[in-house]
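**Q** Can you keep this structure in mind? I'll have questions shortly.
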Amino acid sequence: APPSQRLGPSPPPPLAREGGVSRRPAGIPPPPPRGGFSPPPAGGGGGGAKEGAGEPVIESVEQHEEKTGSERAIGWWLIGCSAIVVVILSIGGLTRLTGSGLSMVKWRPQGSKLPMSKAEWESEFEEYKKHPEWRFKRQYENFGMEDFKFIYFMEWFHRMAGRSVGVAFLVPLTYFAVRGKIPKAIRGRLAFLTFLGSSQGLVGWWMVRSGLNSEMPKGGEEGEEWQYNTQFAAVSPYRLAFHLSTAITLQLVLLTTGLAMLDRGRLNTRCLVTKEKLNWLWRYAHTAASFGGLAAFSGGFVAGNRAGLCCNDWPLMDGQLIPDGMWKDKLGYKNFFENQITVQFDHRLLAYSLLTFTGLTWNAARQLPLPPRVKTALNVVLLCCAGQVTMGVMTLWFHVPTEIAAPHQLGSVVTLSAFVWFLHTIRMVVPGARFIPVPPIK
């Protein structure tokens, strides 16, 4: 048939050659570049497509540089240290819940051996009797030598376990540093971890000293509200919250740095709509994680003021949405840190905020074609949040039993760790970085 009667579009004209150089006629797009992503179209496509909008695809990509064996070893070493800190945090929670924290009235940076003979135990017990916890509380509780041995061992074990993480961190650090295997990118962070970890023992003793020096007010003096909350036989909630927060910070920085060594995957998309949804997912997830951190910090004040022993109903507080006694004029801003009712109310609000933004994170994620590893991390976050809130409610209902309160404190650390993992999986590609694409997720 003549060319004018053939069906279908005409084939593109051949490339014109001028001076030995091929020239592409106007209207024919160039082929996509080799070894990389196709750039988004400069203009709208058929049907009035939004400029820059492409197929809703999220690509998991990895940095071009290969991971060395030493980098993998450093990553697993840091994650292992992070796990040890989690164990020590759980031991610390048990030490507090069993009332063992003030049993050792002396501190040595190098540690001390456990008393073995009857004379050694009696000497330690007599030292303990000179301090407020015995004078204001224990002597009225039929508290004997066997009880003292238990709380002394708990505190001793907590201190020695804390020193163990120092060995687990410093020995490999020295080895990697001598061999020149530590990447420059993490040297500053490792120096920060060394300082933070080394100071934990001193911070812990600073906290304990506040309980050993607590005295009843004399004459017309008036003590701090937190001292009345704890019968003048406990540590300062401010120092307790600081000690807890620095320990959690140490654990999370160890975990973050370890993940950065092991997993360099990032997310990328050529679809502008999908990219904006990813940005909202990032915002919701970081906000939820921030509320999780604040809830853990406020948990230190709940523990330090024994605020879990009041208002033991839920969802109300003493049968009210906003309970009486939340504001005492004499305390002023200290109501937020020393008023038992206010401290617990704030802790509940932070937990509700955590749940709300975790739900928004899940809602944003379900609208996206996310890689399996991201979905797995998000499912772990959801499970941890649900379990943590459930244990919090049960801790209230049953008046803070150790078998529930201890997992509740540990759950806060596990939940924050799950958030760190999830936030690591949704990191976006940095403009200008070199990456290798892997199969897209549609």
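The values are calculated or read from the model by the stated rules, or taken from the named source; none is laboratory data. The structure displayed is predicted, hence computed values, not measured ones. Glycine also receives a Cβ, built like all others from the backbone with ideal geometry; neighbour counts cover every protein chain displayed. We work out accessible area using only protein heavy atoms, side chains counted, and drop any ligands, DNA or RNA first. Shrake-Rupley method; radii C 1.70, N 1.55, O 1.52, S 1.80 Å.
**Q** Would the stretch 271-424 count as rounded, prolate or oblate if I go by the C-alpha gyration tensor, calling it rounded below 1.5 in a/c and otherwise prolate when a/b exceeds b/c, oblate otherwise? Could the numbers behind the result be given before it?
**A** Working: a/c = 2.60, a/b = 1.95, b/c = 1.34.
Because a/c hits 1.5 or more and a/b exceeds b/c, the stretch 271-424 counts as prolate.
**Q** In square angstrom, rounded to the nearest 10, how much accessible surface does residue 262 have for a 1.4 Å probe?
**A** Number for this one is 40 Å².
**Q** To continue, here is another question. So what are the stretch 106-193's ellipsoid semi-axes, whole angstrom, largest first, if each one is the square root of 5 times an eigenvalue of the alpha-carbon gyration tensor?
**A** Sorted largest first and rounded, they come to 41, 14, 9 Å.
**Q** While we're here: Might you work out the accessible area of residue 336 for me, using a 1.4 Å probe with all protein chains in place, and round it to the nearest 10 Å²?
**A** Counting only protein heavy atoms, residue 336 exposes about 100 Å² to solvent.
**Q** Starting from the coordinates of the alpha-carbon atoms of the stretch 282-332, obtain the Kirkwood hydrodynamic radius over all distinct pairs and give the value in Å to one decimal.
**A** Value: 13.3 Å, from the Cα pair sum.
**Q** On a 1.4 Å probe surface of the protein chains, which of 428, 104 comes out largest in accessible area, and what is the full order?
**A** 428, 104
**Q** Shifting gears a bit: Grab the beta carbon distance between residue 187 and residue 393, set R0 = 45 Å, and tell me the FRET efficiency rounded to 0.05.
**A** About 0.50, to the nearest 0.05.
**Q** Hey, another quick one. Counting only pairs 8 or more places apart or on different chains, how many lysine pairs in the stretch 79-192 have C-alpha atoms closer than 18 Å?
**A** Lysine pairs, 8 or more places apart or on different chains, close enough: 10.
**Q** How many angstrom separate the Cα center of the stretch 318-334 from the Cα center of the stretch 335-413?
**A** 24
**Q** In addition: Under the rule a/c < 1.5 gives rounded, and otherwise a/b versus b/c splits prolate from oblate, where does the stretch 299-363 land using the Cα gyration tensor?
**A** On the way: a/c = 2.08, a/b = 1.71, b/c = 1.22.
It comes out prolate by the Cα gyration axes.
**Q** Could you work out Rg/(2.2 N^0.38 Å) for the stretch 136-286, with Rg from alpha carbons only?
**A** In units of the 2.2 N^0.38 Å rule of thumb, it is 1.56.
**Q** Quick one: the Cα spread of the stretch 227-333 along its three principal axes, in angstroms, biggest first?
**A** Principal-axis extents of the Cα atoms in the stretch 227-333, largest first: 60, 32, 25 Å.
**Q** So, one more: Loop only by DSSP, 16 or fewer other Cβ within 10 Å of the Cβ. Give me the trypsin sites (Lys or Arg not before Pro) in the stretch 118-166 that pass, ordered by residue number.
**A** Sparse-neighbourhood loop trypsin sites (Lys or Arg not before Pro): 129, 130.
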